Amino acid sequence: MADIYTQEWYEEVKNAINNKVAGMKKLPEGTWQIAIEIVGDGVSPYVLQGQERHFLASIDQGTCLWYKEIDDDTEEQDQKIKLDYRFRGNASKFDEIAAGIMDPIDAALGGEIKVKGDMRFLLRQADQVQALLEAYSNDVSTDWPKGKPPY
Amino acid sequence: MSKVYEYDAVVIGAGHNGLCLAAYLGRAGLKTVIVERRHEEGGGVNTEEPVLPGFRHNLHAQYMEFFDVMPMIQDFKLEDLGLRTIMPEAQAGITFKDGRPPIVIHRPDLLEMTHKSIARYSRQDADMYVELKKRAMSIETLLAVNLYTPPVESGTVDQGEMTEAFFGDLGVTKNFVMKSPKAVIDELFETSELRALLYRATVEWGFPVDTACTGAAFLTFIMWTMGNWKLAKGGTHSLAKAMTQACYANGVDLLESSPVEKILLEGKRAVGVQLKDNTIIKANKLVASNADLKQTLLKMVGEENLSDTWRKRSKAFRYGPSHVLGTLAYCLYEAPDYKSAKHDPDINKCFYTMVGFEDEHDTIAYIRDAYDDRLPKPAAGTWVNSLWDSTQAPANRHSATGWYFLPKAGALSQQEWDEVRRSYNAEFYKVWGQYALNMTQANVIAEKIYTPDQMEKKNMMMEGDFSNGEFAPDQMGANRPFPEASQYRTEIEGLYLCGPSAYPGGGVHAACGTNAYKVISKDFDLLDSIVPSRGY
Amino acid sequence: MITQYDVIIIGAGHNGLTLGAYLARSGLSVVVLEARHEEGGGLSTEELTYPGFLHNVHANYHTFVDLAPPVSDLKIRDHGVQYVKPEVQMASIYPDNTALVIYDDIEKTAASFARFSQKDAETFLRLYKEAHGYVDLLLGTLMFEPPMSVKELTKALSVFKVGNRSQFLSVKLRKETINQFLDEHFENSKIKAHLAFHGAVCGYGNNIEGLAIGFPLLMGKINNWHLSIGGSHRLAHALWRDLANHGGVLITDARVDGIVVENKKAVGVKLQDGTELKANKCVVSTVSVEQTFLEFIDRKKSDDDLLEPEFVNKVQNEILHQSWSLFSVHLAMSQAPNYIASEFEPDVNKAWVVNLGYDSLEALNDDWDVIAKNGLPDPRPNVAVNSLYDPTDAPDGCYTGLIRQFAPYEIGSDGPAAWDEISGIYGQKCIDAWAKFAPNLAEDAILKWATYSPHDITVKLPNMVRGDWMMGQITLSNMLDQRPTSELGGYRTPIKDLYMAGSTQHPHGFITFGPAYNALSVIAEDLGIERWWREV
Ligand SMILES: Cc1cc2nc3c(=O)[nH]c(=O)nc-3n(C[C@H](O)[C@H](O)[C@H](O)COP(=O)(O)OP(=O)(O)OC[C@H]3O[C@@H](n4cnc5c(N)ncnc54)[C@H](O)[C@@H]3O)c2cc1C
Ligand SMILES: Cc1cc2nc3c(=O)[nH]c(=O)nc-3n(C[C@H](O)[C@H](O)[C@H](O)COP(=O)(O)OP(=O)(O)OC[C@H]3O[C@@H](n4cnc5c(N)ncnc54)[C@H](O)[C@@H]3O)c2cc1C
């Protein structure tokens, strides 16, 4: 068990994803660089209103190679990272997904989590993507020191 | 909240002169914007499909007589930006109802054909025409220098001496400069048919045929440009397109649908413009106006900001009546086949064909009607561009366009102009059928007429005046628009004129823009980007 | 004229210009060749009635503003384009003079629906909100990426169990018509008629099987209609300016009539006037499939197996064209319409667009039947008065009006040319139909009007084959990677270095920028151009 959005928690997410991938017959193709931007919305106690937390992840054939928090966009730009996808949304929504009470596909379809990047790739590998999302929202056990959604 | 922009230079009006000036300013490194009230660039350099899709008509300028000398074309390689030209062999012609021989003026490289055509009526006139034309062409560079240099004051004495020096051996004397073009033509040529053609041509290029002291222009201007006409392939508007593209390539911005209402002043200095929607465009260095004189000074600057002299002179400036045209636009199945073609088929392939003028009396009466605010009986100069440029009409169809001389816009009431729009083409068309038998109702798919009152509304060519200011001795040369304003500068610091109310006046030569740039480049120490090798 | 470029693009519609601007910004030398004297294709604004009245001859409604990436990538707004999103977007007025209004504000819209059916109002709001949510996600995927196949899409939809998540979106929609969708979800016949008509105006026929699949997305952007101040042509200027700012060149009056193929590769083009231009890297056509493969490619001269006979046969016989076209009347007006229905709903007088007369799906279906038999339905047009929101498109105190009526390309058995005879009569009928709802128009509110028929469309823009404003029908079999044929669905063609990037391609016609933007991805991949534009 790790506190949400801590380094340990991300380790758990990473492991959950990688465990899932280890059991998959067909691996997701390609290397993806992903940014996740969690926007404080005054609801979630984990990212304060007016603040944002940005994370970068690198996924190769479904396996998460690394995961890290960055201070702000300049770091992303400094490192000249070419992103493939960017997920951005309110912290409370991300919290709800992590807590398993909001379906990530619903969040994306409903426009609560904005996705930028070539969706065709995700759609073509719907099975694999679905598995990764399940790992994220169901296979990680999370501690909520400041309270758990629904808030 | 109104928007505010900031530039070094603001050019009011995207007519070809405005475009020309802006391109040079952009190239000299000034952050420049052109502000145009219409949705389209080009002003009188216009081509549309006003009647039916696929039939193009040049609603204003048609004859491109300055392409060989216009500096901008070479300086900005307008050919690479899409400007292409066509120069038909047979240039100007007059045709007759009874089918007697036409007179056809050919290109300068085909003078023997011109000679042959005139000689059907008079060998002496043919000789004279050819000699005058050769003489005018031999001084082309000088004439071009004159055009592309801000005007210098020259008394009639100097002009007379020059004229005699160039044309003296052909019987031209000093006093020719005091004559009217008509008097000059009458003295030099005897054939009534040729006189008719030359009167009309003179008026076409802006010189009031009856006005004393403009006669020299017949020699140095009409004889120079006569038969040198080119057609911008695709329509005259191709020139505006290429010029605009030169502007874009040099970083100049163009704002369409943005009428300027006010020139903003700080003391006696122009510092920007204000648009109708209250947008403000600041000009750190200068404002130049391609719009007409009265609008620029009396309205945009405001009478209250002018000195007594400038206010009086601006108010006294005259538009029309000597050069007001109406444009006819016909969509045809067949191009006209003239009775006169049996003597010389070239009349059917003539770049410009005069229809409805039988002799000199006819023609002069017609011209005087228009000058005196009367509606003349319909007669026209016509052209069929699709004969040379198949893209100007759908396959197997032709677009014919032409000009009437009409009274100035203010001479008729709105109802009278409505009536002209309803019926004048139909009247002309009956005349046309007498000259070309195939010009029957069945040959016309559709037609339209574009009248001087509409020209005023569309382009702010006041009164429909071709030149936005009458050509008369007191409004020509260094007197244009008035002596104090002849160097493109105004009494408002940083405000320049670059439209045809300034020297040399109307016509697609871009000389107003070019010369304004010359003056501005001195005032602001800009790069002299006009290629000097041509000598002007 | 420069005769060698990296990339040659045929056609300067918004797609050709957009692609050209991206490639010029990527450092390639680019020329865009346009047959007409004006750039813009469907983005044309002309003074068809009187000077100062700006009529959008084709595209009037810009429905992808801020959804299409080029609007920001090419800095369209910095180039002078100003969009307004009218607060009263559109209305339907029914024969009983009741009216329904679509506002920019969707809650107000629902309130207007509720006057007809509370239940439908709620359904609409749910549909809108749901669709609006995924407009962001799916529009990018479905329109601004090279297409996936229907199979791939339906599989993804079922894996992600979209059917369970959505009330409206499901895999079965690919077998349904919009009518069926509406009958399933809505109860009020007037509301259904309004929504179906809206679909048809967007090119989605309400009785065509499978089009229900796109309908929720259409609903999600139902209030995203924008008006370009100063006319739609302004967007063409902006795109051109961006192209030229970055060293690209537009050449107007350059009709392509051949693509030069060597060793099965496209290496250049030939213009109608004989000029040949070489392309170092590729040639891109944005015009019709028919022109490109039947006219531009000299199949006799080139290698026998250059094009498979099966492919040629498809191009000759199987390209699907929109089965209805548009008849337009453009009006210069001295008054805005004052609708009888304003008693029921005052806001109709402020509506930018008004749909007149359809109160049931049956009524709409009946007219499709009439049109399918090449008949002229009694006009039930949609009309727009841009001047209500654009102060620059008419002289002060006047209004520019537009009537659009669905109509066949051919009339009876007389073919398309019959339009030339009947346009005036049908135009008057359309005006009468409008005046029935707004009686003030029957008096002297209309100063002048001009018609523009389905036949005129094809004469003006030959790429719109058979008056096909969508450049290929919107049907399930002509969508995504099957549009316009399986061989061409990915923007590449059977000829190497020849690409298709016009509205014949996915997604479809309209001012979407989609075809160009997607072809760009493919061309960039083939030419190894680094993508600066797809910022994730
Ligand atoms: C019927 C006709 C036929 C002609 N035929 C020929 C010919 O064959 N050959 C030839 O050489 N010449 C011909 N001319 C003359 C020629 O067309 C004009 O002299 C020439 O186009 C003038 O160019 P310009 O750029 O100086 O001004 P214009 O073309 O008049 O342009 C001025 C521009 O300023 C704009 N403007 C005005 N006020 C404002 C404002 N307040 N704010 C913003 N913009 C403003 C106008 O809209 C216009 O676009 C003809 C003219 C007419 C009327
Ligand atoms: C009456 C009407 C109303 C419409 N209303 C709307 C609307 O409100 N909203 C909307 O979004 N859309 C509307 N459309 C549709 C829209 O105009 C088109 O779908 C869109 O313009 C297509 O863009 P394009 O760039 O693919 O092609 P086009 O705009 O057609 O451009 C193609 C260009 O190629 C040129 N060309 C053709 N052949 C050649 C050749 N051989 N050589 C060189 N050039 C050639 C053409 O002249 C044209 O300029 C309307 C269309 C019509 C006809």
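The values are calculated or read from the model by the stated rules, or taken from the named source; none is laboratory data. Keep in mind it's a predicted model, so treat the numbers as computed, not measured. Cβ: placed from backbone, ideal geometry, glycine included. Neighbour counts: every protein chain shown.
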Picked from region B:394-415 (must be loosely packed, with under 13 Cβ neighbours inside 10 Å and assigned to a helix (DSSP H, G or I)), the residue farthest from the chain's Cα centre (by Cα) is B:GLN415
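Just to be sure before I move on: is B:GLU447 within 14 Å of another protein chain (Cβ to nearest Cβ), more than 17 Å from the chain's Cα centre (by Cα) and either more than 13 Å from ligand 1 (Cβ to nearest atom) or in a helix (DSSP H, G or I) (or both) in the structure I sent?
Criteria met by B:GLU447.
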Looking across region C:444-453 at residues that are more than 8 Å from ligand 2 (Cβ to nearest atom) and at pLDDT 95 or above, the single one that is nearest to C:LEU326 (Cα to Cα) is C:SER453
Among (1) in a loop (DSSP other than H, G, I, E, B); (2) in contact with a Gly (Cβ under 6 Å, 6 or more places away or on another chain), B:THR382 falls short only on (1)
Counting only strands (runs of 3 or more DSSP E) entirely within region B:227-305, those with at least 3 residues that are farther than 24 Å from C:HIS79 by Cβ and more than 14 Å from chain C (Cβ to nearest Cβ) are B:260-266, B:269-275
A careful count of residues in region C:308-325 that are under 23 Å from C:ASP369 (Cα atoms) and buried (at least 19 other Cβ atoms within 10 Å of the Cβ) gives 5
Checked against (1) within 13 Å of ligand 2 (Cβ to nearest atom); (2) within 14 Å of chain B (Cβ to nearest Cβ); (3) not aromatic (Phe, Trp, Tyr), C:MET470 satisfies every condition except (2)
B:THR32 vs. criteria hydroxyl-bearing (Ser, Thr, Tyr), surrounded by 24 or more Cβ atoms within 10 Å (Cβ to Cβ), away from ligand 2 (no atom under 16 Å from the Cβ) and in contact (Cβ under 8 Å) with a residue 24 or more places away in the chain: yes
Subset of region B:450-470, residues more than 11 Å from ligand 1 (Cβ to nearest atom) and within 21 Å of B:SER314 (Cβ to Cβ), comes to B:GLU470
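The rows are residues; the columns are (1) more than 13 Å from ligand 1 (Cβ to nearest atom); (2) within 14 Å of chain C (Cβ to nearest Cβ); (3) over 28 Å from C:LEU54 (Cβ atoms).
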residue	(1), (2), (3)
B:GLY381	no, no, yes
B:THR391	yes, yes, no
B:SER413	yes, no, no
B:ALA436	yes, no, yes
B:ALA472	yes, no, yes
So B:THR141, is it touching a residue at least 40 places away in the same chain (Cβ under 8 Å), under 23 Å from the mean Cα position of the chain (by Cα) and more than 18 Å from B:ASP169 (Cβ to Cβ): yes
Only one of B:ALA270, B:ALA249, B:ALA291 is of a type in the set (A, V, I, L, M, F, W, C), modelled with pLDDT of 95 or more and under 19 Å from B:MET461 (Cβ atoms), namely B:ALA291
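Tell me the residue from C:GLU209, C:GLU184 that is surrounded by fewer than 23 Cβ atoms within 10 Å (Cβ to Cβ) and part of a helix (DSSP H, G or I), please.
C:GLU184
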In region C:447-461, residues that are touching a helix residue (DSSP H, G or I) at 6+ places or on another chain (Cβ under 7 Å) and touching a residue at least 60 places away in the same chain (Cβ under 8 Å) total 5
Filter region B:50-77 for residues that are among the aromatic types (Phe, Trp, Tyr) and either within 16 Å of ligand 2 (Cβ to nearest atom) or within 14 Å of chain C (Cβ to nearest Cβ) (or both); the one that is surrounded by the most Cβ atoms within 10 Å (Cβ to Cβ) is B:PHE55
With criteria (1) more than 16 Å from ligand 2 (Cβ to nearest atom); (2) under 30 Å from C:GLY427 (Cβ atoms), C:GLU530 comes up short on (2)
Only one of (1) in the same structural domain as B:ALA511 (by TED's automatic domain parsing); (2) more than 12 Å from ligand 1 (Cβ to nearest atom); (3) among the polar types (S, T, N, Q) does not apply to B:ASN17, and that is (2)
Within region C:118-150, of all residues that are more than 30 Å from C:ARG483 (Cα to Cα) and among the basic types (Lys, Arg), the one nearest to the other protein chains (Cβ to nearest Cβ) is C:ARG126
Answer yes or no as to whether C:ALA196 is crowded, with 19+ Cβ neighbours inside 10 Å, at the interface with another protein chain (Cβ under 10 Å from one of its Cβ atoms) and touching a residue at least 40 places away in the same chain (Cβ under 8 Å). no
When region C:79-115 is checked residue by residue, the ones that are modelled with pLDDT of 95 or more and within 14 Å of chain B (Cβ to nearest Cβ) are C:HIS79, C:VAL81, C:GLN82, C:TYR83, C:VAL84
Within region C:232-263, the residues that are in contact with a helix residue (DSSP H, G or I) (Cβ under 6 Å, 6 or more places away or on another chain), more than 12 Å from ligand 2 (Cβ to nearest atom) and at positive phi are C:GLY247
B:THR114 fails exactly one of (1) in contact with a helix residue (DSSP H, G or I) (Cβ under 7 Å, 6 or more places away or on another chain); (2) hydroxyl-bearing (Ser, Thr, Tyr); (3) within 16 Å of ligand 1 (Cβ to nearest atom), namely (3)
Residue under question is C:GLY42, and the condition is that it be touching a strand residue (DSSP E or B) at 6+ places or on another chain (Cβ under 9 Å), buried (at least 20 other Cβ atoms within 10 Å of the Cβ) and modelled with pLDDT under 95; does it hold? no
Residues of region A:19-42 being buried (at least 16 other Cβ atoms within 10 Å of the Cβ) and away from every other protein chain (no Cβ under 14 Å), in sequence order, are A:LYS20, A:VAL21, A:ILE38, A:VAL39, A:GLY40, A:ASP41
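Give the residue that is farthest from A:ALA35 (Cα to Cα), with candidates limited to residues of region A:100-132 that are more than 7 Å from every other protein chain (Cβ to nearest Cβ) and among the aliphatic types (A, V, I, L, M).
Step by step, filter region A:100-132, then rank; the result is A:ILE101.
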Reported set for region C:231-256 where residues are in a strand (DSSP E or B) and within 11 Å of chain B (Cβ to nearest Cβ) is C:VAL249, C:LEU250, C:ILE251
*asked:* So, B:MET460, is that one surrounded by 19 or more Cβ atoms within 10 Å (Cβ to Cβ) and over 27 Å from B:TYR517 (Cα atoms) or not?
replied: no
Expected single match for buried (at least 22 other Cβ atoms within 10 Å of the Cβ), on the phi < 0 side of the Ramachandran plot and of a type in the set (Gly, Ala, Ser) among C:ALA433, C:ALA442, C:ALA519 is C:ALA519
